[in-house]
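Right, one structure below, let's go through it.
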Amino acid sequence: MFKRLSEASGRVLSFTFDGQPLEGREGDSLAAALLAGGVGVFRTTVPSDASRGPYCLMGVCFDCLVEVDGVANRQACMIPLREGMCVTPQRRARQLGE
Amino acid sequence: MRRLGAVDELAATYDLAIVGAGPAGLSAAVTAGQFGLSVLLVDEKTAPGGQIYHGIAASPLKRGSILGPDYWSGAALVEGFAAADVDYLAGAMVWQLDQDRHLYIGADGKSRRIAAQAVILATGAQERPFPIEGWTRPGVMGVGAAQMLLKSSGLIAEGRVVLVGAGPLLWLFAAQMIAAGSPPSAILSTAATPSLGRLIPLLPSFLASAYARKGLSLVQRVRRASRLVSSVTDLRIETGESGLKIAYRAGGQAERIFEAEHVLLHQGVVPNLNLIRSAGCTIAWDDAQACWHPIADDWGASSVEGIAVAGDGAGIQGAETAARRGRLAALDAACRLGRIDGAARDRAGAEDIAAIGKDAKARRLLDVLYRPTAAFRMGSPKALVCRCEEVTGERIRQVVRETKAVGPNQLKTYLRCGMGPCQGRFCALTVNEIIAEERGISPGKIEPMRVRPPIKPITVAEFAALDL
């Protein structure tokens, strides 16, 4: 878990992850807001369905990939949080018909 | 600086296009603007500063004491950039740069191709891979990652937090955690102990530099406030009942276990080469830093005409040198584009070139002190080397022996290392070194993993909508 230092201020923004309502702050990346909201697992891997969360938070490792407003494979660490974002985790490989 | 809202606002051509808004890119933009060049700076982040000054313009941490004076010194660069006569497109990705200096730039789901007479790639650094068993588990992240959360969001890891590895950033972040009132539970140091014979010749330059003054007091502060375990080897991270379990040996003793909610790994940074490589710039193996860097002259000119490299993407040398290299690359661009002659360029750049040389000498000690051991660079047999395709080191070794795959490009056919979402960013170095060791040759003798555009995913719709 992560805690926000008391001096850190900023407008509160609401969004959802896997249908659950969460709150972040203006200035957060989507990944930061998810971590602050207690989300540790962002996706599971294509080869083995193993759980992953962000590793690098600088656009390199691609372990924070999520679906944002219907677009898959977005790097949560590189996207600023916006009000009303609808975020879903990516699980294993896509199956035909999904 | 004119902040552009979308790719539609880009001019069709620029004298100079700069990629990356860290210290190198910012200082290049400011310098080039002074010579009346039309300048575009494109950056993936939403605000200037790069990784080192990430979030500086809008950091929620108003007190200077947590992040420290070196971080806040970046504010002057950002202010200079704000006043410069340049175009700035933030939150945008240069996903292709060809040898005719066409840049393909995407932002908010739309891409455009523009042209530039000169290009400076200031793509910065990334954390070096740290392939130990369990490094892919949620809760394990890079020290640099945890620092990003602190810089831009004022977030700090809670509970038992263990820092593992070696390098200046590890000490800096430990000090920042202490200043924020959440010291690490333990620091497991993997730094090797180089012989005095290797260190002594490097000491005078180091001791005369700011690195010594700042570094030594930083280490002292951290040592006073946290538990330090030295000579750590045989690391492994497992999932325990309440969080993560880190197994390790210290000083060759029996295995010990430490439980924690967060494990933060770090063993230095390496140049971020994907765009540089895909543009065709030649790279060379740097044995002292155990990584590749682009071949460039004093002005950053790469092997590709009109494309220069600057900052840590051109070889790790820290923020101050990055800013100097950015200026030099911009001076050279001004010279190539006829704004100044060679003599004026040389005069204007002389001080920076001298300072970079002096700084490089001082840093040699850091390179020796914090060069990760071969065991940690290549990882344990069962560690996932390729995080994306989940390939272990022992599997890579087995395939290299059985198939005579001579390098990472052939290995792709067998194991897909480098073909997953990260496109080799987090495995190329390790794969390269493992193959070299199996073949008994220097990593520099192996053709490095090829990088092809688009260097980050774009949708087919975005690609199809390109107006070419």
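The values are calculated or read from the model by the stated rules, or taken from the named source; none is laboratory data. It should be emphasised that the depicted structure is a prediction, and the values quoted were computed from it without experimental measurement. So basically every Cβ, Gly included, is an ideal-geometry build from the backbone, and we count neighbours across all protein chains shown. Quick note on the areas: whole protein, heavy atoms, side chains included, nothing else; ligands and nucleic acids left out. Shrake-Rupley method; radii C 1.70, N 1.55, O 1.52, S 1.80 Å.
Given the Cα-Cα distance of B:D70 and B:Q398 and 0.36 nm per residue of separation, how much length would full extension add, in nm? Please list the in-between numbers first.
Values: separation 328, 0.36 × 328 = 118.08 nm, distance 4.60 nm.
Residue separation times 0.36 nm, minus the Cα-Cα distance, leaves 113.5 nm.
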Handout entry: Stokes-Einstein D in µm²/s, Kirkwood radius over Cα pairs - region B:221-377 at 37 °C with 0.692 mPa s viscosity
Key = 175
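At 0.36 nm per residue, and after removing the present C-alpha to C-alpha distance, how many nm does the segment from B:I353 to B:K445 gain when stretched out fully? Please report the intermediate quantities before stating the final value.
On the way: separation 92, 0.36 × 92 = 33.12 nm, distance 2.98 nm.
Value of the extension gain: 30.1 nm.
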Completion exercise
By the rule of another cysteine's Cβ lying under 4.7 Å, the cysteines of chain B that fail to get a partner are B:C281, B:C291, B:C335, B:C388, B:C422
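Carbon and sulfur atoms: what percent of the 1.4 Å accessible area of region B:10-105 do they account for?
Numbers: 1760 of 3160 Å².
So the carbon and sulfur contribution to the accessible surface is 56 percent.
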Problem - Descending Cα extents along the principal axes, region B:265-309, whole Å - result: 37, 19, 15
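Please return the longest stretch of chain B lacking exposed loop sites, where GluC sites (Glu not before Pro) count only if DSSP places them in a loop and at most 14 other Cβ atoms lie within 10 Å. Provide the component values of the computation, followed by the final result.
On the way: sites that count: B:E158, B:E241, B:E255, B:E305.
By the stated rule (loop sites, at most 14 other Cβ atoms within 10 Å), B:306-468.
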Practice task
Take peptide B:179-187, look around each residue's Cβ out to 10 angstrom, count Cβ atoms belonging to other protein chains, and average those counts.
Solution key: 1
Handout entry: 20 °C / 1.002 mPa s Stokes-Einstein diffusion coefficient of the protein assembly as shown, Kirkwood radius on C-alpha pairs, µm²/s
Key = 89
Problem - Relative pair counts by distance (%), Cα atoms of region B:110-243, 10 Å bins - result: 9, 32, 32, 16, 9, 2
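Considering every residue in A:45-52, what mean count of other chain Cβ atoms within 10 Å of its Cβ is obtained?
Other-chain Cβ atoms within 10 Å of each residue's Cβ, averaged: 5.
Total accessible area buried between chains A and B, 1.4 Å probe, in Å² to the nearest 100?
Values: alone 6260 and 20180 Å², together 22890 Å².
Its buried surface, counting both partners, is about 3500 Å².
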Problem - Rounded to the nearest 20 debye, dipole of region B:317-468 from Cβ charges on Lys, Arg, Asp, Glu - result: 260
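Which whole number gives the average, over all residues in B:140-151, of C-beta atoms from other chains lying within 10 Å of the residue C-beta?
Neighbouring Cβ atoms belonging to other protein chains average 5 per residue here.
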Completion exercise
dims of chain B, Cα set, principal axes, largest to smallest, nearest Å -> 66, 52, 43
Exercise for the section: Report, to the nearest whole %, how much of the accessible area of region B:308-450 belongs to carbon and sulfur atoms, 1.4 Å probe, protein only. Expected result: 51
Completion exercise
Applying the gyration tensor rule to the Cα atoms of region B:318-468 (axes a ≥ b ≥ c; rounded if a/c under 1.5, else prolate if a/b exceeds b/c, else oblate), the class is oblate
Problem - Over chain A, volume per residue of the alpha carbon convex hull, in Å³ - result: 97
Practice task
Please give the per residue accessible area of region B:288-398, computed with a probe of 1.4 Å over protein heavy atoms only, in Å².
Solution key: 39
Fill in the blank from the handout: The alpha-carbon pair-distance distribution computed for region B:86-160, with 10 angstrom bins and whole-percent values, is 13, 31, 27, 23, 6, 0
